[in-house]
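Below is one structure, written out as structure tokens; comments come after it.
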Amino acid sequence: MSATLNRIPAPAPAGAPGPHERLRAAARRHGPVLAFYGALKLAGFCSFMYLLHSAGDFRTKQPRFGGGAHAWDVLATWDGWWYQQIALHGYDPKLVHIPGATGLITLEGNSAAFFPLYPALMRMTSEVTGLGPYGAGLLVSITASFVAALGIHAVADRFGGRRAGLAAAGLWAVWPGSGVEWAVYSDSLYVALAAWVCYAVMTRRWLTAGVLTFAAGLNRPTAAALIAALGVAALCALRDRRDGVLRPLLALALAPLGLLGYLGWVGHRMGDYGGYFTLQSGAWAHSFDYGEQTLDVLTSVPVGHFTYLSAFPFADVIGVGVVLLAFALVPLLLRLRPPAVLVVHTVLTLVLVLGSQQIFANVSRYLLPCFPLFIPLAVAMRRLSPRVLCTVLGIAALASGSYAGYALFELGVP
């Protein structure tokens, strides 16, 4: 009898929710966000696929550069091709000069220009599921896009409640540049990490913020803005003595190691510790020019001149609109008195993106990490009834097939 009694599990403490109750509570809290984002994103994705199929231009392009046998093959071209190569073959960092080249492009492209976290997750997913690199990349991106939606919702919720959080997640689905969210690109993963870093800092979970920032530094170079944002927030916490000393200091020390570690490894393998930046400049004409390229575009497009570097007229018109919208939303965000982590992350991301020479058509994609700019709009949109909110964002989702998908992948170079 005593042995039998010993095997009887102790009753749960009164009032403590069991696993089923916790699961149901999570479903009630997060289910509407995931469903809303998923429905909007699916509408935009189907619109994008319809436009690709009806135009048919992808059939005449090389599979590596925006082409393929099917419309969905376009999702794994351009940067997606490089990520697949890394997932399959790994890295071989080199600086290889093109014989006789004298223009902007003097080096052969090399996979070291693309950070390792996303292709590593592609490879791991492929090994676990049996999917090829294309399917694994899409699975990682789509999953990360939902995680990003939850993170953006969590941040916006702290400003305007659940309705504002829901609107912010919806804006993430339809924002210009959102066409890469469901493609073999690393953007969704980076925004997911950035959103949860900001939330972790706002809720004073310093070690979580440090680990996630470390991971973000292994995913995109613009993580420098996120590292700085966490650093400023940690220094403010140390100054105000809110959370002790150890946890903010550990987060501060851990945050930059991913970015610095990858850049250092690439530089070591190349025999040039500035090799990553040399490669970006010599193989892709990407460099920090203090906004000269951006100013050239902003003063050329409004008067119909497209003589600047890497002009793609339709996509560039959308890019100019996105930049102007960002400039308009920054003071509205500041008016809400957000915490320093959001301000620093947003402003520095804008500086890094707009201060660089690059293909301007990509600016709507590069500014996706500026998700705090969604917050003023989301706070205003919380006053809309659910039916009106769904109608407004639903129309934007259908239109995003053109301005956020087709314009980026077929009328520009993502």
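The values are calculated or read from the model by the stated rules, or taken from the named source; none is laboratory data. Only a predicted model underlies this, so the values are computations on that prediction, with no experimental measurement involved. So basically every Cβ, Gly included, is an ideal-geometry build from the backbone, and we count neighbours across all protein chains shown. The protein model used for the area step is the full one, side chains on, heavy atoms only, and it has no ligands, DNA or RNA in it. Shrake-Rupley method; radii C 1.70, N 1.55, O 1.52, S 1.80 Å.
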> Can you name the number of the only condition in (1) touching a residue at least 40 places away in the same chain (Cβ under 8 Å); (2) within 30 Å of I105 (Cβ to Cβ) that P338 fails?
Replying inline: (2)
> Of everything in the range 51-64 that's in a loop (DSSP other than H, G, I, E, B) and within 17 Å of Y185 (Cβ to Cβ), which residue is most open to solvent (accessible area, probe 1.4 Å)?
Replying inline: P63
> Quick one: how many residues across the range 158-205 are of a type in the set (S, T, Y), open to solvent by 10 Å² or more (accessible area, probe 1.4 Å) and not in a helix (DSSP H, G or I)?
Replying inline: 1
> Can you pull out the residues in the range 106-115 that are under 19 Å from Q85 (Cβ atoms) and either of a type in the set (V, I, T) or under 26 Å from the mean Cα position of the chain (by Cα) (or both)?
Replying inline: G109, N110, S111, A112, A113, F114, F115
> In the range 365-404, which residues are open to solvent by less than 20 Å² (accessible area, probe 1.4 Å) and touching a Ser or Thr at 6+ places or on another chain (Cβ under 8 Å)?
Replying inline: L367, L368, P369, C370, P372, L373, A397, S400, G401, A404
> If we only count helices (runs of 4 or more DSSP H) wholly inside the range 235-308, which ones have 1 or more residues that are at pLDDT 95 or above and surrounded by fewer than 16 Cβ atoms within 10 Å (Cβ to Cβ)?
Replying inline: 246-254, 257-270, 292-300
> S2: modelled with pLDDT of 95 or more, open to solvent by 50 Å² or more (accessible area, probe 1.4 Å) and of a type in the set (S, T, N, Q), yes or no?
Replying inline: no
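One line per residue, one yes/no per condition, for (1) touching a Leu at 6+ places or on another chain (Cβ under 8 Å); (2) at pLDDT 95 or above; (3) in a helix (DSSP H, G or I); (4) closer than 30 Å to M270 by Cβ:
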{"position": "M49", "(1), (2), (3), (4)": "no, yes, yes, no"}
{"position": "G66", "(1), (2), (3), (4)": "no, no, no, yes"}
{"position": "A69", "(1), (2), (3), (4)": "no, no, no, no"}
{"position": "W81", "(1), (2), (3), (4)": "no, yes, yes, yes"}
{"position": "A87", "(1), (2), (3), (4)": "no, yes, yes, yes"}
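Residue by residue, here is whether (1) within 23 Å of the chain's Cα centre (by Cα); (2) within 30 Å of Y91 (Cα to Cα) holds:
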{"position": "L235", "(1), (2)": "no, no"}
{"position": "Y262", "(1), (2)": "yes, yes"}
{"position": "G271", "(1), (2)": "no, yes"}
{"position": "L298", "(1), (2)": "no, no"}
> List, please: which pairs have Cβ atoms under 8 Å, are six or more places apart or on different chains, and start with a residue in the range 115-135 that is within 17 Å of Y262 (Cβ to Cβ) and end with one that is open to solvent by 20 Å² or more (accessible area, probe 1.4 Å) and aromatic (F, W, Y)?
Replying inline: P116/Y91
>> Which condition from (1) in a helix (DSSP H, G or I); (2) open to solvent by 30 Å² or more (accessible area, probe 1.4 Å); (3) within 29 Å of P93 (Cβ to Cβ); (4) among the hydrophobic types (A, V, I, L, M, F, W, C) is the one that L218 breaks?
In response: (1)
> Does V155 fit the bill of being open to solvent by 10 Å² or more (accessible area, probe 1.4 Å) and closer than 30 Å to L333 by Cα?
Replying inline: no
>> It is to be established whether one or more residues within the range 393-404 are modelled with pLDDT under 95 and either out of contact with any strand residue (DSSP E or B) (no Cβ under 9 Å at 6 or more places or on another chain) or more than 21 Å from G231 (Cα to Cα) (or both).
In response: no
>> Need the failing condition index for M270 against (1) over 17 Å from G103 (Cα atoms); (2) touching a Gly at 6+ places or on another chain (Cβ under 9 Å), just the number.
In response: (2)
> Has the range 115-126 got at least one residue that is over 13 Å from L279 (Cβ atoms), at pLDDT 95 or above and part of a loop (DSSP other than H, G, I, E, B)?
Replying inline: yes
>> Against the condition farther than 21 Å from A164 by Cα, out of contact with any strand residue (DSSP E or B) (no Cβ under 8 Å at 6 or more places or on another chain), open to solvent by 60 Å² or more (accessible area, probe 1.4 Å) and in a helix (DSSP H, G or I), how does F314 come out, does it pass?
In response: yes
